[in-house]
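Trainee: Here it is, the structure, as structure tokens.
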Amino acid sequence: MESMATRFSDADIVATLNRMDVRTGQDKTWTAHRVASIRRVRRIHAFRSAEKDGAWLTMREAAAKLGVTSHVVRRMIQDGILPAEQVVPGAPWQIQAEDLENDDIIKALRQKGRPRHTVSRDQLPMFPDT
């Protein structure tokens, strides 16, 4: 929770913990109130979105900056084209803003709409002309 609190709001932390099926010590689901309480007890500062410096972007923010959908950004992450990290598995992806200007990213975006896999010369067509 400490590493997530530096980048995510309490609501995002709640969604992540519940999605991962992590329970509280009393075997309850997480709420924003419970997360805030843990932060206060352990003296973990809350994420302040107003102080966000833009160095790290969410998948949605990266998609908006690139002018594509979140699905396209997710696909580039899965394909290893766009570097991204998760604080914990199942947490939202975090993308460094400077990585969006990488040549590989620009090249991948230009190939939009084209097949990602090459077709083998030995492959038979699914619907041959008859």
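Trainee: What is the residue count in the range 61-78 for residues that are touching a residue at least 24 places away in the same chain (Cβ under 8 Å) and outside any helix (DSSP H, G or I)?
Mentor: 1
Trainee: I would also like to ask the following. Read through the list (1) outside any strand (DSSP E or B); (2) modelled with pLDDT of 75 or more; (3) among the hydrophobic types (A, V, I, L, M, F, W, C), then give the number of the only condition that Ile95 fails.
Mentor: With respect to (1) outside any strand (DSSP E or B); (2) modelled with pLDDT of 75 or more; (3) among the hydrophobic types (A, V, I, L, M, F, W, C), Ile95 is out only on (1).
Trainee: Same structure, new question: In this structure, is His33 loosely packed, with under 15 Cβ neighbours inside 10 Å, closer than 30 Å to Asn102 by Cα and modelled with pLDDT of 90 or more?
Mentor: Working: loosely packed, with under 15 Cβ neighbours inside 10 Å: yes; closer than 30 Å to Asn102 by Cα: no; modelled with pLDDT of 90 or more: yes.
So His33 fails the test.
Trainee: Are any residues in the range 14-36 aliphatic (A, V, I, L, M) and either more than 24 Å from the chain's Cα centre (by Cα) or closer than 15 Å to Ala46 by Cβ (or both), and if so, which ones?
Mentor: Passing the criteria: Val14, Ala32, Val35, Ala36.
Trainee: Consider Ala97 carefully, then state whether it is touching a helix residue (DSSP H, G or I) at 6+ places or on another chain (Cβ under 7 Å) and not charged (D, E, K, R).
Mentor: Considered against the rule, which asks whether it is touching a helix residue (DSSP H, G or I) at 6+ places or on another chain (Cβ under 7 Å) and not charged (D, E, K, R), Ala97 comes out as no.
Trainee: Tally up the residues in the range 41-54 that are modelled with pLDDT of 90 or more and either surrounded by 15 or more Cβ atoms within 10 Å (Cβ to Cβ) or outside any loop (DSSP other than H, G, I, E, B) (or both), please.
Mentor: The number of residues fulfilling the criteria is 1.
The values are calculated or read from the model by the stated rules, or taken from the named source; none is laboratory data. If you're wondering where the values come from, they're calculated on a predicted model, not measured in any experiment. Here Cβ is always computed from backbone atoms with ideal geometry, including for glycine, and neighbour counts include all displayed protein chains.
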